[in-house]
Amino acid sequence: MRQRSLALAGLLLLLGASAAAAAGIRVSVTPHAAASTSTFMVSYVAPTKTGVVGSKRIRDEVRAQTGSVSAGCQSLKAQFVPAAQRGQHVRVALRAGTGWCSGTYSGKLVELVSLVCPPEAMCPQYLRIRTLGTFTFVVD
């Protein structure tokens, strides 16, 4: 029983260490502060290849949200990133169709991993979500 507990603790430590090592990608946003009609450019260096990789589909997504909510403005934006190669400089434009709400936005770059299965095949449905990096910007 003690060996099983030690093995489980070691596995959890290994999983935590690998997630921590992969996270912490430097994500920048320009401009840092702007008007409600502005476009914000989020940029980073891709830590891994995205797209279909073997039997997995790896996608990056940029998400930004503020707690300041008003009628007629956008307080949340999520956008998928086009497929990229490892080491590629990636830039994603965040635009608010109705205009951004005023306030500070907390953003994050997340990695989504799922299985790719042949059509009509029994395929386990899962999605692994991992935060790669964070950023903030301000709307005046």
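Some observations on this one:
- Among residues of region 38-60, those that are under 12 Å from Val27 (Cα atoms) and not hydrophobic (A, V, I, L, M, F, W, C), counted: 3
- In summary, strands (runs of 3 or more DSSP E) completely within region 23-138 and bearing 1 or more residues that are among the β-branched types (Val, Ile, Thr) occur at 28-30, 40-45, 51-53, 56-65, 89-94, 103-115.
- When Ser68 is tested against (1) modelled with pLDDT under 95; (2) surrounded by 10 or more Cβ atoms within 10 Å (Cβ to Cβ); (3) within 19 Å of the chain's Cα centre (by Cα), just one condition goes unmet, and that condition is (3).
- Thr98 being out of contact with any Lys or Arg (no Cβ under 8 Å at 6 or more places or on another chain) and modelled with pLDDT of 95 or more: no
- Scanning region 1-35 for residues that are modelled with pLDDT of 95 or more and of a type outside the set (D, E, K, R) gives Val27, Ser28, Val29, Thr30, Pro31, His32, Ala33, Ala34, Ala35.
- Taken over region 116-137, residues that are surrounded by 15 or more Cβ atoms within 10 Å (Cβ to Cβ) and hydrophobic (A, V, I, L, M, F, W, C) amount to 3.
- Gly103 vs. criteria at pLDDT 95 or above, under 16 Å from Thr39 (Cα atoms) and open to solvent by less than 70 Å² (accessible area, probe 1.4 Å): yes
- On inspection, Thr98 qualifies as surrounded by fewer than 15 Cβ atoms within 10 Å (Cβ to Cβ) and touching a Gly at 6+ places or on another chain (Cβ under 7 Å).
The values are calculated or read from the model by the stated rules, or taken from the named source; none is laboratory data. Computed from a prediction, not measured in an experiment: that's the story for all the values here. Counting neighbours? That spans all protein chains shown, and the Cβs are built from the backbone with ideal geometry, glycine included. In case anyone asks, the SASA skips ligands and DNA or RNA and just uses the protein heavy atoms, side chains included. Shrake-Rupley method; radii C 1.70, N 1.55, O 1.52, S 1.80 Å.
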